[in-house]
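A.B. asks: Sending over a structure as structure tokens; questions will come in a sec.
The values are calculated or read from the model by the stated rules, or taken from the named source; none is laboratory data. Since we're looking at a predicted model, the values are computed, not measured. Cβ placement follows ideal geometry from the backbone for every residue including glycine, while neighbour counts extend to all protein chains displayed. Side chains are part of the model used for accessible areas, which takes the heavy atoms of the whole protein and leaves out ligands, DNA and RNA. Shrake-Rupley method; radii C 1.70, N 1.55, O 1.52, S 1.80 Å.
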Amino acid sequence: MLGRAVRALVVVVLVGVLVGVALFGGQRYLENRVAAAVDRLLDDLPAYLDGSYEAVTVNPFDRTAAVHDLRLEGTGLFPDVRIRRASIANYSGGGILPESLDLRLYDVHWERGGWPETLAALENALNGPVVGDISLSMAFEPDSRRLEIDDLTVALHSGDAIAFRSRFLLGDRGMLDHPYDGPASGLELVEFDGRWRDTGLFHSLIDRLAREQGMTGPTLGANVLGELEWAAAEWDDPRLNAGMDALRAFFREPGMLHLRIAPDDPVNMVLLGERFLVDPPEALQRLGPELRYTAVSPDAEGTLTAID
């Protein structure tokens with residue numbers, strides 16, 4: 001009986017070793033495939049942008065992959081960015097766009113570059129480096145050409161965050177058909193719902209801009225609001241007037257701005273932009289934006305999750 005027990009134990013150990021080797025080999029195969037895909041993506045970046053990373057890991061059980069210490073280094077106005085970890089899940093490839101994708105970027109550190117003075121202004125307002133997390137959940141239906149962004153959130157570690165969800169259609173015009181607007185040429189807006197949670201960043205930026213012009217923050221804020229109020233009075237739109245009430249409250253103290261746009265019919269983004277240059281009131285009426293303000297405690301939890 002002891003001999004049978006020993007043999008059974010040996011068989012169990014051998015089976016465990018074989019399963020472990022198979023799992024390790026399968027994981028290494030998946031990691032090599034993901035690394036090759038990431039390498040192709042980095043090779044296809046524009047000439048003014050270089051990318052590199054330290055390692056790729058794959059979890060075959062929950063079908064997720066991660067790219068560690070991803071770095072994007074740009075020239076000109078494109079900033080240098082370091083990302084501690086990029087997590088990819090629910091990925092399904094497609095033609096123009098992935099048919100599904102969940103992407104999480106952890107500890108995105110804006111190191112340098114970008115628009116002149118922008119990085120310095122943000123670091124001054126945040127009292128430190130610009131670091132945050134970015135999440136994206138999206139799906140694209142090739143047959144209906146419907147693009148759904150279920151969540152796109154940029155959450156700074158300071159607690160300030162912007163999040164939105166939206167629905168688009170890729171219209172009859174191709175993604176690259178427009179001679180000067182490129183990928184936006186066929187994009188039609190169906191719905192937009194977004195939130196901006198400010199815990200002090202906006203007012204810090206206003207104060208910095210005001211100091212550069214020899215003014216105080218409240219004075220500059222009052223001047224900006226005055227210009228907007230003049231435009232709202234000229235256009236005399238009830239929804240725009242309601243939006244001005246939300247902006248006045250937002251300028252007074254940190255809080256949440258909630259913007260919802262749901263036009264009766266899809267709106268081509270390029271044509272809408274051109275219409276704003278010619279007839280802003282008509283373009284606003286076409287969109288019918290609704291802007292609301294909600295007070296938020298500055299020491300509240302610093303995350304901004306799904307939009308209602």
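A.B. asks: Search segment 221-261 for residues being of a type in the set (F, W, Y) and touching a helix residue (DSSP H, G or I) at 6+ places or on another chain (Cβ under 9 Å), and hand back the single one that is farthest from L209 (Cα to Cα). Reasoning before the result, please.
C.D. replies: Within segment 221-261, the first condition is being of a type in the set (F, W, Y), and the residues that meet it are 230, 235, 250-251.
Of the ones still in play, those that are also touching a helix residue (DSSP H, G or I) at 6+ places or on another chain (Cβ under 9 Å) are 235, 250-251.
Details: W235: 28, F250: 17, F251: 14 Å.
Looking at residues that are of a type in the set (F, W, Y) and touching a helix residue (DSSP H, G or I) at 6+ places or on another chain (Cβ under 9 Å), I get W235.
A.B. asks: Give the residues of segment 87-105 that are open to solvent by less than 70 Å² (accessible area, probe 1.4 Å), in contact (Cβ under 8 Å) with a residue 24 or more places away in the chain and out of contact with any Ser or Thr (no Cβ under 9 Å at 6 or more places or on another chain), sorted by residue number.
C.D. replies: L97
A.B. asks: Let me ask something else. Starting from residues that are modelled with pLDDT of 90 or more and open to solvent by 30 Å² or more (accessible area, probe 1.4 Å), keep the ones in segment 152-164 and report whichever is nearest to D102 (Cα to Cα).
C.D. replies: Of everything passing the filter in segment 152-164, L152 is nearest to D102 (Cα to Cα).
A.B. asks: Could you tell me whether A120 is outside any strand (DSSP E or B) and either buried (at least 18 other Cβ atoms within 10 Å of the Cβ) or among the basic types (K, R) (or both)?
C.D. replies: Working: outside any strand (DSSP E or B): yes; either buried (at least 18 other Cβ atoms within 10 Å of the Cβ) or among the basic types (K, R) (or both): no.
So A120 fails the test.
A.B. asks: On to the next question. Which one is farthest from R286 (Cα to Cα), of the residues in segment 231-269 that are open to solvent by less than 70 Å² (accessible area, probe 1.4 Å), small (G, A, S) and over 23 Å from the mean Cα position of the chain (by Cα)?
C.D. replies: Here the residue is A249.
A.B. asks: Hey, can you tell me all the residues within segment 123-136 that are out of contact with any helix residue (DSSP H, G or I) (no Cβ under 6 Å at 6 or more places or on another chain), free of Cβ contacts under 8 Å to residues at least 40 places away in the same chain and surrounded by 15 or more Cβ atoms within 10 Å (Cβ to Cβ)?
C.D. replies: V131, G132, D133, I134, S135, L136 - these are the residues of segment 123-136 that are out of contact with any helix residue (DSSP H, G or I) (no Cβ under 6 Å at 6 or more places or on another chain), free of Cβ contacts under 8 Å to residues at least 40 places away in the same chain and surrounded by 15 or more Cβ atoms within 10 Å (Cβ to Cβ).
A.B. asks: How about segment 44-102: which of its residues are closer than 20 Å to V131 by Cα and polar (S, T, N, Q)?
C.D. replies: Of everything in segment 44-102, those that are closer than 20 Å to V131 by Cα and polar (S, T, N, Q) turn out to be S52, S87.
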